[in-house]
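Undergrad: Before I ask anything, let me first share the structure, which is written out below as structure tokens.
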Amino acid sequence: MKVFVNAQIPQIGMEILQKENIEVIFPENENDAEWLENCKKADAILNVGKHQFDKEFFDECPNIKAIALFSVGFDNVNVQQANARKIPIGNTPDVLSRATSDVAFLLMQMVSRKATYNIDKVKSGNWKDFDALEELGQELYGKTLGIYGLGRIGFEMAEKCKKAFEMNIIYHNRSRNSDAENKLEAQYVSFEDLVKRSDVLSINANYTEEQAGIFNTEIFEKMKSNAIFINTARGGFHSEDDLLHALKTREIWGAGLDVTNPEPMDKDHPLLELSNVCVLPHIGSATVEARNGMAKLAAENIVAFAKGEAMPNCANPEVYQN
């Protein structure tokens with residue numbers, strides 16, 4: 001079986017593939033044309049990045065029988081089209097939950113203390129005498145954390161905030177999270193209440209097209225004036241123009257983003273000029289431990305498929321049903 005691995009992954013993943021004598025195709029150059037040509041040569045793909053697996057792709061590459069994503073999210077895959085062709089889509093859940101929640105927790109603190117602004121002040125030589133009123137931050141103790149999408153990552157974020165700052169946890173999900181309610185005293189609320197009551201609102205949900213731009217002007221206007229907006233999930237959840245307006249008009253207090261729309265964000269984007277904003281370049285899973293775990297799970301998904309077994313981590317397990 002031939003597998004196209006479109007970018008370098010940690011060695012642990014490659015060793016798993018090599019041990020099973022799976023033939024691996026690597027790209028010579030990084031461009032869309034070569035990517036597609038390599039896909040046409042392979043039986044399966046271990047994909048790193050945000051290539052789109054839509055109807056057009058599946059029509060052009062009828063040879064592809066399995067896709068293992070180097071990510072937990074699979075919003076770049078048309079699952080309906082994959083299901084119609086009985087193509088399993090592997091992903092990498094759990095192993096990046098702590099690392100990604102760490103970044104959400106980091107962004108919350110950086111925004112609350114205007115860290116980016118103050119770091120830039122030091123680097124630019126603009127560190128002046130003590131000013132009792134200049135660009136003051138806010139404390140997080142006893143505040144209310146609202147989680148939009150309280151799954152594994154959201155739970156980790158909520159637990160950190162509960163232990164570190166004794167924050168009250170509210171959340172909105174498609175279904176109740178009894179574990180979070182029991183262990184963290186998390187309260188399930190409507191989306192409307194989540195927006196109105198959160199001092200910090202953190203997006204930790206899986207993204208779907210139906211949620212595109214759900215955090216927009218209408219929503220930001222309903223949030224507290226002291227609210228901090230955190231998005232470490234997908235940039236598509238929020239409108240950046242509306243977020244910019246909300247921050248400049250002080251409808252909300254600050255924002256921390258590890259994801260933007262599009263990515264990468266333009267270096268001259270006006271959001272980057274604001275003292276109450278921190279933007280990171282999508283580093284949620286960027287730790288040795290998380291990336292090794294992702295490589296291991298992605299490779300194990302490929303190996304299982306090669307052996308005629310169900311992928312151990314499959315985003316569309318319905319393909320295995322008769």
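The values are calculated or read from the model by the stated rules, or taken from the named source; none is laboratory data. Computed from a prediction, not measured in an experiment: that's the story for all the values here. Every residue, glycine as well, gets a Cβ built from its backbone with ideal geometry; the counts of neighbours run over all protein chains shown.
Undergrad: Confirm whether Thr232 is touching a residue at least 24 places away in the same chain (Cβ under 8 Å), of a type in the set (Val, Ile, Thr), buried (at least 19 other Cβ atoms within 10 Å of the Cβ) and in contact with a Ser or Thr (Cβ under 8 Å, 6 or more places away or on another chain).
TA: Here the answer is yes, as Thr232 does meet what is asked.
Undergrad: Specify the residue that is surrounded by the fewest Cβ atoms within 10 Å (Cβ to Cβ); the eligible residues are those in region 60-70 that are without any contact (Cβ under 8 Å) to a residue 40 or more places away in the chain and of a type in the set (A, V, I, L, M).
TA: This residue is Ile64.
Undergrad: Which is assigned by TED's automatic domain parsing to the domain that holds Glu15 and among the β-branched types (Val, Ile, Thr), of Ile228, Ile252, Ile302?
TA: Only one candidate qualifies: Ile302.
Undergrad: Take the conditions assigned by TED's automatic domain parsing to the domain that holds Ile203 and either among the hydroxyl-bearing types (Ser, Thr, Tyr) or buried (at least 22 other Cβ atoms within 10 Å of the Cβ) (or both) and apply them to Val111. Does it pass?
TA: Considered against the rule, which asks whether it is assigned by TED's automatic domain parsing to the domain that holds Ile203 and either among the hydroxyl-bearing types (Ser, Thr, Tyr) or buried (at least 22 other Cβ atoms within 10 Å of the Cβ) (or both), Val111 comes out as yes.
Undergrad: Please enumerate the residues belonging to region 123-146 that are over 26 Å from the mean Cα position of the chain (by Cα) and aliphatic (A, V, I, L, M).
TA: Ala132, Leu133, Leu136
Undergrad: Suppose the filter is touching a Gly at 6+ places or on another chain (Cβ under 8 Å), part of a loop (DSSP other than H, G, I, E, B) and of a type outside the set (Asp, Glu); does Ala7 pass it?
TA: yes
Undergrad: With the structure loaded, tell me whether Pro27 is touching a helix residue (DSSP H, G or I) at 6+ places or on another chain (Cβ under 8 Å), closer than 23 Å to Pro10 by Cβ and surrounded by fewer than 19 Cβ atoms within 10 Å (Cβ to Cβ) or whether it fails that test.
TA: Yes.
Undergrad: Listed residues Glu192, Glu159; which is over 26 Å from Thr92 (Cα atoms), at pLDDT 95 or above and either out of contact with any Gly (no Cβ under 6 Å at 6 or more places or on another chain) or not in a helix (DSSP H, G or I) (or both)?
TA: Selected residue: Glu192, the only one of Glu192, Glu159 that is over 26 Å from Thr92 (Cα atoms), at pLDDT 95 or above and either out of contact with any Gly (no Cβ under 6 Å at 6 or more places or on another chain) or not in a helix (DSSP H, G or I) (or both).
Undergrad: Now for a separate question. Residue check: is Ile153 assigned by TED's automatic domain parsing to the domain that holds Lys196, under 21 Å from Ala205 (Cα atoms), assigned to a helix (DSSP H, G or I) and modelled with pLDDT of 95 or more?
TA: Against the criterion (assigned by TED's automatic domain parsing to the domain that holds Lys196, under 21 Å from Ala205 (Cα atoms), assigned to a helix (DSSP H, G or I) and modelled with pLDDT of 95 or more), Ile153 qualifies.
Undergrad: Quick one: Trp35 ticks every box in (1) surrounded by 18 or more Cβ atoms within 10 Å (Cβ to Cβ); (2) closer than 28 Å to Gln80 by Cβ; (3) touching a residue at least 40 places away in the same chain (Cβ under 8 Å) except a single one, so which number is it?
TA: It fails just one condition, (3).
Undergrad: Consider only pairs whose beta carbons are under 6 Å apart and that are at least six residues apart or on different chains; among these, list those whose first residue lies in region 201-222 and is at negative phi and whose second residue is among the hydroxyl-bearing types (Ser, Thr, Tyr).
TA: Between residues of region 201-222 that are at negative phi and residues that are among the hydroxyl-bearing types (Ser, Thr, Tyr), the close pairs are Ile203/Tyr148; Ala205/Tyr148; Asn216/Ser239.
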